[in-house]
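Read the figures in this text as sums done on the coordinates, not as results from a lab. Every value quoted in this text rests on a predicted model; they were computed, and no experiment measured them. Virtual Cβ from ideal backbone geometry, glycine too; neighbours counted across all protein chains shown.
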């Protein structure tokens, strides 16, 4: 019997693939635990720079495994949320590579990622209202932060699906690929990130995520020590030297 989640490491990129295509990669507790473990590996290993979440068999994720739920199993992990991720994303960049459906919890899983690469034939949606449920794993919180609030509210209230090109138009999806090429597109995007300094990448993500919550009068005072901690690093000096010497930098992550 194959593992419900498969892990692959390529050049500092950790690929985490849900492997339940017969269930359209629906998430049960085993999947959540495996993804949580993979995120811990991504965070703890300095050789890993970027994570990618995807699904095998032409599907990203159709949400919660309803059969397992009916049998009394819950896919949420305490402190981690749905799929072991939605309540506690990693500090390192995480990319969703979406093929087929990213619906309900699957859409919330994609929204928990920093960037989304989607095949042109993929679909996104929060259909919970059509089932008497509420998208409580981050969909109603994150979607209005990624696209205009009124558009997010329309999709959340109707439960209708959003095609990949529409999602790209609204800025939910970063890059569109041909069908079957979303993972390759996500790897290409990840490589563009891993070429950069680790401390700079981590701090850039942190500032982008935290800055909207800073009081306007305190923005520069809060940001300054964060930026200074990177400017004073060995990698900052290496970046300057590499530029002046017209060579590729060698990052140490310190």
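Numbers for the structure displayed
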{"item": "Spin-label pair residue 91/residue 191, simplified geometry with 7 Å Cα→Cβ offset, distance in nm", "result": "2.8 nm"}
{"item": "Directionally averaged shadow of segment 26-128, computed from the convex hull of its alpha-carbon atoms, nm²", "result": "6.4 nm²"}
{"item": "For segment 198-244, convex hull of alpha carbons as volume per residue, Å³", "result": "71 Å³"}
{"item": "Theoretical ellipticity at 222 nm over the chain - DSSP helices of four or more residues, -39500 (n - 2.57) apiece, nearest 500", "result": "-12000 deg cm²/dmol"}
{"item": "Relative exposure of 200, 2, judged by other C-beta atoms within 10 Å (fewest first)", "result": "2, 200"}
{"item": "Globularity index of segment 86-130, i.e. its alpha-carbon radius of gyration over 2.2 N^0.38 Å", "result": "1.17"}
{"item": "Relative contact order computed over the chain (Cα-Cα under 8 Å; 6+ residues apart), in percent", "result": "15 percent"}
{"item": "Candidates 120, 234, 108: whichever shows maximal mean-square fluctuation once the chain is modelled as a Gaussian network with Cα springs under 10 Å", "result": "234"}
{"item": "Descending semi-axes in whole angstrom, ellipsoid equivalent of the chain, from the Cα gyration tensor", "result": "32, 21, 18"}
{"item": "Sorted by Cβ density within 10 Å, fewest first, the residues 244, 122", "result": "244, 122"}
{"item": "Cα principal axis extents for segment 137-184, largest first, Å", "result": "31, 20, 17"}
{"item": "Gained length - residue 250 relative to residue 229, 0.36 nm times residue gap less alpha-carbon distance", "result": "5.7 nm"}
{"item": "Residue order, fewest to most beta carbons within 10 Å, for 15, 52", "result": "15, 52"}
{"item": "Max mean-square fluctuation residue, GNM over the chain, Cα-Cα springs under 10 Å, options 208, 117, 173", "result": "208"}
{"item": "Efficiency of FRET from Cβ geometry, residue 243 and residue 214, R₀ 45 Å, rounded to 0.05", "result": "0.90"}
{"item": "Compactness of segment 90-196, expressed as Rg and Dmax over alpha-carbon positions, Å", "result": "13.4, 46"}
{"item": "Top of 88, 32, 229 by mean-square fluctuation, Gaussian network on the chain, Cα under 10 Å", "result": "229"}
